[in-house]
Amino acid sequence: MIILLLGSGGREHALAFKMLQSSKCSRLFVAPGNAGTASIATNVSINPNDFNAIKTFAIQEKIEMVVVGPEDPLVLGIYDFFKNDAELNHIPVIGPSKLGAQLEGSKEFAKEFLVKHNIPTAAYYSFTAVTVEKGCEFLETLQPPYVLKADGLAAGKGVLIIHDLEEAKAELRNMLVHAKFGNASAKVVIEEFLDGIELSCFVLTDGKSYKILPTAKDYKRIGEGDTGLNTGGMGAVSPVPFADTVLLEKIETRIVKPTVEGLQKDGIEYKGFVFIGLIIVKGEPIVIEYNVRMGDPETEVVIPRIKSDLVQLFQAVADEKLNEVSLEIDKRSASTIMVVSGGYPEDYEKGKEISGLEKVENSLVFHAGTKLESGKVVTNGGRVLAVTSFGNDFQEAIKKSYQNIDKLHFDKMYFRKDIGFDLL
């Protein structure tokens, strides 16, 4: 099978690595990819949001499956674009329909879906520029901290948690009236703050049946002890040690099952990943958000733990026969540590040469923000590399990743030294 994978991050390198282990994958193209995917697959210089360019390429190269890594093409409707085009509709797209992608594309849509299907989530209200003062009045009725969420896609940075009431009001006006996050904050969801421990649950569904993938926990803040600015993620561990069989059973019966059944009841076509962001409050799982693709860097710990043939799983999703295939998981723990550019998540420099990659042993290095320049691997983003290792527990896996990070170097390289600190 000739497959096209869309995206350019660590998530896509991890997916490419796993798909190429399948005897069903004869050729893999990655658009646009990075230096890591270039070493195992064929990179193509196409923007994942340029559907016409993707169409031309898919026809030219006789593509037989499209796997979508990032959220933007899904929210823009790439699934529907293929389905509604006579020249493309024979090619399965692994990812939800445009309507299904609204679970991530609109926080309000997701909240309405959760409430409608009786899935546990925090109480909320939505506001626009017209109702901004009502929003300020609503904030006065809540206990701090205050949670403000831009309704649309804001590259993982559209959520603010603020302890001071006046600052929360100022930020609400900033988001709604002054477009702090552009169109993404034309509408803002204010919800009650939940205090607990976070957990990511990943599900693969063909729209009827589903497989629950390994759990993971990522670390979003730039600073140690979970301090400082939010990032795309500084590291992750899988499985999550506190996710015991009792909690996992609650997650499946109260959240996963009603989510997949809700998609069916609402007539929403959905063939792909559902990433459910959970918070565990006093042993009870509550949904914080949905994403409609795999998380990053969680993909780098979840996907390597899957022993089953990933392409076979994707084919079963496309054929709506997911219930007929088995999912085998590696019992070992995995951890990944992100190595980032100095200054990230704010201003940072690109083009720094990376050395030491050939010295890494007993770990997987997934490229996130890299590119090839005159035969050398250089930095090309904020999050640069994800170093993933296996171990009998997450501490052993983390130790291996840190040992290998010591062999890597680029100018102003930074990483957190405390991934997993809260699980000890």
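Observations, loosely collected:
- Just so you know, in segment 383-405 the residues that are open to solvent by 10 Å² or more (accessible area, probe 1.4 Å) and of a type outside the set (D, E, K, R) include one that is farthest from Lys352 (Cα to Cα), and it is Asn392.
- Pairs with Cβ under 7 Å, 6+ apart, first in segment 64-81 and within 17 Å of Val317 (Cβ to Cβ), second crowded, with 22+ Cβ neighbours inside 10 Å and charged (D, E, K, R): Val68/Arg293; Gly69/Arg11; Gly69/Glu12; Gly69/Arg293; Leu74/Arg293
- Test result for Gly69, touching a Leu at 6+ places or on another chain (Cβ under 6 Å) and either surrounded by fewer than 20 Cβ atoms within 10 Å (Cβ to Cβ) or not charged (D, E, K, R) (or both): yes
- Residues of segment 39-91 satisfying the condition of being basic (Lys, Arg) and over 16 Å from Ser26 (Cβ atoms): Lys55, Lys83
- Strands (runs of 3 or more DSSP E) fully within segment 1-103 counting 1 or more residues that are modelled with pLDDT of 95 or more and within 17 Å of Asn291 (Cβ to Cβ): 2-7, 65-68
- Every residue from segment 402-424 that is within 19 Å of Thr370 (Cα to Cα) and among the small types (Gly, Ala, Ser): none
Residue by residue, here is whether (1) modelled with pLDDT of 95 or more; (2) outside any loop (DSSP other than H, G, I, E, B); (3) surrounded by 20 or more Cβ atoms within 10 Å (Cβ to Cβ) holds:
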| residue | (1), (2), (3) |
| --- | --- |
| Leu278 | yes, yes, yes |
| Ile286 | yes, yes, no |
| Arg293 | yes, no, yes |
| Glu300 | yes, yes, yes |
| Ile303 | yes, yes, yes |
| Ser308 | yes, no, no |
| Gln312 | yes, yes, no |
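- Of the numbered criteria (1) within 21 Å of Ile222 (Cα to Cα); (2) at pLDDT 95 or above, the one Leu424 fails is (2).
- In the set (1) crowded, with 24+ Cβ neighbours inside 10 Å; (2) more than 22 Å from Thr388 (Cβ to Cβ), the condition left unmet by Ala86 is number (1).
- Residues satisfying the stated conditions in segment 99-149, i.e. open to solvent by 30 Å² or more (accessible area, probe 1.4 Å) and of a type in the set (Phe, Trp, Tyr): Phe109, Tyr124, Tyr125, Phe138
- Options Leu327, Leu372; residue that is in a strand (DSSP E or B) and open to solvent by 30 Å² or more (accessible area, probe 1.4 Å): Leu372
The values are calculated or read from the model by the stated rules, or taken from the named source; none is laboratory data. Every value quoted in this text rests on a predicted model; they were computed, and no experiment measured them. Heads up, the Cβs are rebuilt from the backbone with ideal geometry, glycines too, and the neighbour counts pull from every protein chain shown. Remember, those area values only see protein heavy atoms, side chains included, never the ligands or the DNA or RNA. Shrake-Rupley method; radii C 1.70, N 1.55, O 1.52, S 1.80 Å.
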